[in-house]
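Step one of this worksheet: look at the structure below.
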Ligand SMILES: [Zn+2]
């Protein structure tokens with residue numbers, strides 16, 4: 001038996017100006033064969049679980065392509081066609097296929113990226129058993145469900161169960177091949193455009209919705225996933241969906257999916273949240289540092305400029321307002337600014353420099369453009385920003401920040417780099433001799449995924465809604481394709 005296990009992962013922020021070309025599926029383009037196997041077999045990705053299950057099937061396992069890029073603008077036509085073609089060709093040559101996908105990919109020429117690719121795979125190999133492992137931020141379309149055998153999404157956010165998701169998808173496919181399961185899958189959309197901060201699965205309302213899905217599985221359903229959707233994507237299919245797979249009984253799948261959709265809808269107000277003005281959030285942060293009790297810095301989560309949601313990671317808004325309010329002892333970064341890095345590298349360690357940092361990305365989707373900040377400080381450290389994520393989210397991910405510089409302005413110590421990473425691991429500071437626990441405040445470019453690694457070091461965390469293209473102020477974007485009405489944008493019509 002020939003088993004192909006592939007990866008094509010992209011979460012597309014249709015408002016983001018950050019490019020997504022072939023070489024961005026990297027570093028330096030997608031991986032193939034043995035190199036992909038070495039990278040992902042024992043990683044924290046779903047691919048690891050899929051490969052484990054493929055090996056249990058006892059056949060000849062190969063990896064035609066493994067492509068993943070950071071969330072960014074729609075995938076270029078060239079990259080989409082090349083990666084899709086590779087997977088379609090592999091589908092013709094194998095007996096079983098397993099894919100690690102995101103589920104919220106938009107290509108330059110297709111809004112439903114995964115749906116289109118899967119349609120092509122099905123057209124090439126109509127009877128191919130095909131398992132999908134997906135991110136719970138997927139915007140699921142009926143076309144995705146129609147063109148696979150089984151599909152499973154993460155049950156946790158922060159995503160701590162990626163490997164388990166791959167394992168479950170592979171196991172369900174193995175059961176299907178053994179004739180023990182006849183999967184029938186139903187997709188039900190719930191017209192909610194949820195705030196990502198309200199998708200945390202250990203908190204309400206998600207804890208309740210996830211528990212309803214888990215209860216259905218305990219009650220005999222092979223698989224029920226709640227896909228909260230990725231809201232920063234202007235497509236007709238963006239939003240929350242429930243995908244239920246039953247064993248041969250389509251009516252049961254429909255009933256279960258509808259029941260959970262009804263539950264999510266009844267909790268819709270909790271999926272929305274009003275925004276605390278940035279100034280108020282910073283005042284709360286100041287008050288929190290003064291509180292006795294647990295030690296460590298107060299984390300300022302720069303939620304609107306998270307590169308894992310398509311953010312440019314060069315917004316200086318939160319840092320600037322924190323300094324304006326007189327906050328000191330701030331550690332922040334990395335801020336992506338290759339131009340500033342080049343200037344500081346040229347000046348050298350020990351030099352005092354004055355330069356414009358950050359705020360240089362042009363973002364047409366933002367009504368108020370980002371602005372650079374003029375800073376004077378001492379260049380403290382210059383290094384290559386390479387490390388492997390050891391934290392529990394994206395464990396094993398290889399990070400290359402490029403040349404990275406530490407600038408000390410007194411109240412602020414800023415890490416400036418050539419490339420992006422979400423705050424998943426304190427190594428992004430420790431690598432440059434900076435110990436986050438020695439600071440009063442740490443500004444992190446992240447929404448939620450920083451929590452497992454950084455919260456244990458900290459006194460607390462405050463969400464800071466600064467300027468950025470990953471903002472959860474969803475009413476501020478100019479929506480053109482999104483299916484309306486949808487809550488909360490059309491609150492009075494839904
Ligand atoms: Zn996700």
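The values are calculated or read from the model by the stated rules, or taken from the named source; none is laboratory data. None of the values given here were measured: they were computed from a predicted structure. Every residue, glycine as well, gets a Cβ built from its backbone with ideal geometry; the counts of neighbours run over all protein chains shown.
Of the strands (runs of 3 or more DSSP E) lying entirely inside segment 238-346, those containing at least 2 residues that are modelled with pLDDT of 95 or more, under 24 Å from the mean Cα position of the chain (by Cα) and farther than 25 Å from residue 103 by Cα are 298-302, 330-336. The set of residues in segment 23-36 that are more than 21 Å from residue 134 (Cα to Cα) and assigned to a helix (DSSP H, G or I) comprises 23, 33, 34, 35. Among all positions in segment 161-168, there is no residue which is in contact with a helix residue (DSSP H, G or I) (Cβ under 6 Å, 6 or more places away or on another chain) and either under 16 Å from residue 258 (Cβ atoms) or at pLDDT below 95 (or both). Being under 24 Å from residue 418 (Cβ atoms) and not in a loop (DSSP other than H, G, I, E, B) holds for only one residue in 39, 20, 86, and it is 39.
When each of 193, 130 is tested for being at negative phi and more than 16 Å from the ligand (Cβ to nearest atom), the lone residue that passes is 130. For segment 145-157, the candidate set comprises residues that are within 16 Å of the ligand (Cβ to nearest atom) and either crowded, with 23+ Cβ neighbours inside 10 Å or not assigned by TED's automatic domain parsing to the domain that holds residue 45 (or both); within that set, the residue that is farthest from residue 117 (Cα to Cα) is 157.
For segment 104-120, the criterion of a residue being more than 25 Å from residue 234 (Cα to Cα) and modelled with pLDDT of 95 or more is satisfied by no position. With respect to residue 395, determine if the residue is assigned by TED's automatic domain parsing to the domain that holds residue 308, free of Cβ contacts under 8 Å to residues at least 12 places away in the same chain and in contact with a helix residue (DSSP H, G or I) (Cβ under 9 Å, 6 or more places away or on another chain). No; evaluated as a whole, the condition is false for this residue.
The set of residues in segment 158-171 being away from the ligand (no atom under 11 Å from the Cβ) and under 15 Å from residue 424 (Cβ atoms) consists of 160 alone.
In segment 1-17, the qualifying residues are those that are farther than 21 Å from residue 139 by Cα and in a strand (DSSP E or B), and the one that is nearest to the ligand (Cβ to nearest atom) is 5. Could you please let me know if residue 419 is touching a residue at least 12 places away in the same chain (Cβ under 8 Å) and surrounded by fewer than 21 Cβ atoms within 10 Å (Cβ to Cβ)? For residue 419, the condition - touching a residue at least 12 places away in the same chain (Cβ under 8 Å) and surrounded by fewer than 21 Cβ atoms within 10 Å (Cβ to Cβ) - is met. Kindly indicate whether any position in segment 223-233 is farther than 15 Å from residue 135 by Cα, more than 16 Å from the ligand (Cβ to nearest atom) and either in the same structural domain as residue 17 (by TED's automatic domain parsing) or in a helix (DSSP H, G or I) (or both). Taking every residue of segment 223-233 in turn, none turns out to be farther than 15 Å from residue 135 by Cα, more than 16 Å from the ligand (Cβ to nearest atom) and either in the same structural domain as residue 17 (by TED's automatic domain parsing) or in a helix (DSSP H, G or I) (or both). Do we find that residue 187 is part of a strand (DSSP E or B), within 25 Å of residue 146 (Cβ to Cβ), away from the ligand (no atom under 14 Å from the Cβ) and in contact (Cβ under 8 Å) with a residue 60 or more places away in the chain in this structure? Yes, satisfied.
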